[in-house]
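The values are calculated or read from the model by the stated rules, or taken from the named source; none is laboratory data. Bear in mind that the values here come from a model prediction, so they are computed numbers and not experimental data. As a convention, Cβ positions derive from the backbone with ideal geometry for all residues, glycine included, and neighbour counts pool all protein chains shown. For the accessible areas, the whole protein counts, side chains as well, though only heavy atoms, and no ligand, DNA or RNA atoms are used. Shrake-Rupley method; radii C 1.70, N 1.55, O 1.52, S 1.80 Å.
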Amino acid sequence: MMKRILLLFLTLVTLNITAQDLPEWKPKLKKVFKFSTFYGAVNGGTSLSDVDIYSVTNGLETQTITTPFDYSITFGVRKIARMGYEPKEAFKTGMENSYSDAATIGKVKGFEFLFEVDYKRQQGENYVDQNHFLRYVSDKYILKGEYLEDGFADIKYFETSQRYRWKKDKKLSFNIGAVQRLSEPYGYDPLAEWRLSNNNLHYTFLALEEGYNVEFDGQGGAEYFDPSGNSVATSTEVWEAVAIPEMLANYTEKKRNELSQTIQHSLVVGFDYYHYTKTFWLHSWGNLIPYHYDDGNEFSYHKYNNGQWYDYSGGLIFGYKYNKHLGVFVEGKYNKYWNREWHDFSLGINYILF
C-alpha cells in the first residue's frame, strides 16, 4: 500500500519537474504544493450503550457487553480547488464529507491531489479508510491515478485511467478512454470447493482440516476445540451457531489474502456537468465501464460472472435557494465495482428565520 502511495506522489513530482529543469526544482515544487493543505485530526464520540445479556442455563446469570467509544485519527494533504457551493472551513477536521472529491474533473485545469488516511473505530469495529489520488485535467485529456480503501464496504483497489475529453461547452464535457485496476480477485469464493452437490457445505470436515478437533464422551455428547486447543462448544447447537460461522469467516479471509492481486484492463466512458450561481447549482458526473479485457486468468472476474459486466460510479450535488429564507439540497455518490457497492447521500431543507 505504501509503495502505491509513494508511486502516486513521485508521479506527481516527476510530471512537474523534468530533467532539464533540475536547477529550478525548488520553485516548481513550490508551485505543486501552492494552496495545498496539510492536516491531522483526532475525533471521538460515544458508541453504543452497555447491553445486559441474561442467561438461565445455570441459574440467573448476567453478562454486560460494553462497546468502546468511537474514534477516528486522520492525516492528509490536499490540493483541490473549492467548488462554488462548498463552504470555506476554518480548519480541516477529517470529518468533512466532500462529495465533489469523487468527481472525474475538478473546478480548475492542471494538477490536483489528495492523500488521506483514516484509522477508525465504529461500534467496536476497527478499520482503515484511505483515499489517495492525483489527476491532471486539460481541455483535451484527463490523467488520473487513485488508491481507494473503504474498510466498511470491504473494497480496496489501485486504479489509473487515461481519457480523451470533449467539451460541449463550459459546463458539460464527455470523456472516453482506458482504465487499469489492480485488486484482489473479487468474485472468488473460497467455499466453492467445499460445497456438496445439494449446495450444502461440508463444514465439519473443513473445520477438521483447519485444525479444529472433536472429542466424544461416549454417551452421545461431544466437545469441540479450536486449533489452539481452546474449548469452543460443548453441544452441536453451539458448534453450528457460533464456532462454525467464526471458522468460515477466518477461512475465507485467509484464502482471499493468499491470492495475488489481479490487474483488469477496461474501457471507460463518462461525463461531467457543473453549473453554479449563488441561488442554484448542479454538479453531476458519471462513469460507465462496459467492457473488460479477458486475459484468461484463473481468477478473472469473467469466470465468476460468466462473461462481461457493467461497473459504474456517479454523483450528484444539487442546491436551490427559493429566496433568502428557504433552500433545498441533495448530495450523494454511488459506486459499484465487481460485486461491491458503496454509497453516501444527504438531502434536506433549510429555512432561515428573519
- Report the residue count in region 285-308 for those that are modelled with pLDDT of 95 or more and under 20 Å from the mean Cα position of the chain (by Cα). 5
- Query: Which number in (1) surrounded by fewer than 19 Cβ atoms within 10 Å (Cβ to Cβ); (2) under 25 Å from Lys171 (Cβ atoms); (3) hydrophobic (A, V, I, L, M, F, W, C) marks the one condition that Val56 misses?
  - Reply: (2)
- Message: Six or more apart or on different chains, Cβ atoms under 7 Å: show the pairs whose first residue is in region 29-48 and touching a residue at least 60 places away in the same chain (Cβ under 8 Å) and whose second is open to solvent by 100 Å² or more (accessible area, probe 1.4 Å).
- Response: Ser47/Phe69; Ser47/Gln123; Leu48/Gln123
- Would you tally the residues in region 15-52 being at pLDDT below 70, over 29 Å from Phe91 (Cα atoms) and either of a type in the set (Val, Ile, Thr) or open to solvent by 50 Å² or more (accessible area, probe 1.4 Å) (or both)? 9
- Tabulated pairs, region 148-163, first at positive phi and part of a loop (DSSP other than H, G, I, E, B), second of a type in the set (A, V, I, L, M) and modelled with pLDDT under 90, C-beta under 9 angstrom, 6+ apart or interchain: none
- Quick one: Leu248 ticks every box in (1) over 30 Å from Gly220 (Cβ atoms); (2) open to solvent by 30 Å² or more (accessible area, probe 1.4 Å); (3) of a type in the set (A, V, I, L, M) except a single one, so which number is it? (1)
- So Gly211, is it open to solvent by less than 90 Å² (accessible area, probe 1.4 Å), at pLDDT below 85 and of a type in the set (Gly, Ala, Ser): no
- Message: I'm trying to understand the selection: among the residues of region 304-334, which are assigned to a strand (DSSP E or B), out of contact with any Lys or Arg (no Cβ under 9 Å at 6 or more places or on another chain) and free of Cβ contacts under 8 Å to residues at least 24 places away in the same chain?
- Response: Phe329, Val330, Tyr334
- Query: Can you name every residue in region 255-297 that is closer than 27 Å to Tyr203 by Cα and either open to solvent by less than 80 Å² (accessible area, probe 1.4 Å) or of a type in the set (Gly, Ala, Ser) (or both)?
  - Reply: Lys255, Arg256, Leu259, Ser260
- Item | region 213-236, residues that are within 37 Å of the chain's Cα centre (by Cα) and part of a strand (DSSP E or B) | Phe225, Ser231, Val232, Ala233
- Query: Taking Gly315 and the conditions (1) modelled with pLDDT of 95 or more; (2) within 20 Å of the chain's Cα centre (by Cα); (3) surrounded by fewer than 13 Cβ atoms within 10 Å (Cβ to Cβ), which numbered condition does it fall short on, given that it satisfies the others?
  - Reply: (3)
- Go through the residues of region 136-143 one by one and say whether even a single one is charged (D, E, K, R) and surrounded by 13 or more Cβ atoms within 10 Å (Cβ to Cβ). no
- When you go through Gly177, Gly229, Gly151, Gly221 one by one, which is the residue that is more than 30 Å from Ser266 (Cα to Cα), out of contact with any helix residue (DSSP H, G or I) (no Cβ under 8 Å at 6 or more places or on another chain) and open to solvent by less than 40 Å² (accessible area, probe 1.4 Å)? Gly221
- Message: Quick check on my filter: what residues within region 194-212 are within 13 Å of Tyr251 (Cβ to Cβ) and outside any helix (DSSP H, G or I)?
- Response: Leu201, His202, Glu210, Gly211, Tyr212
- Message: If I ask for residues that are acidic (Asp, Glu) and over 14 Å from Tyr203 (Cα atoms), which ones from region 238-254 would you list?
- Response: Glu253
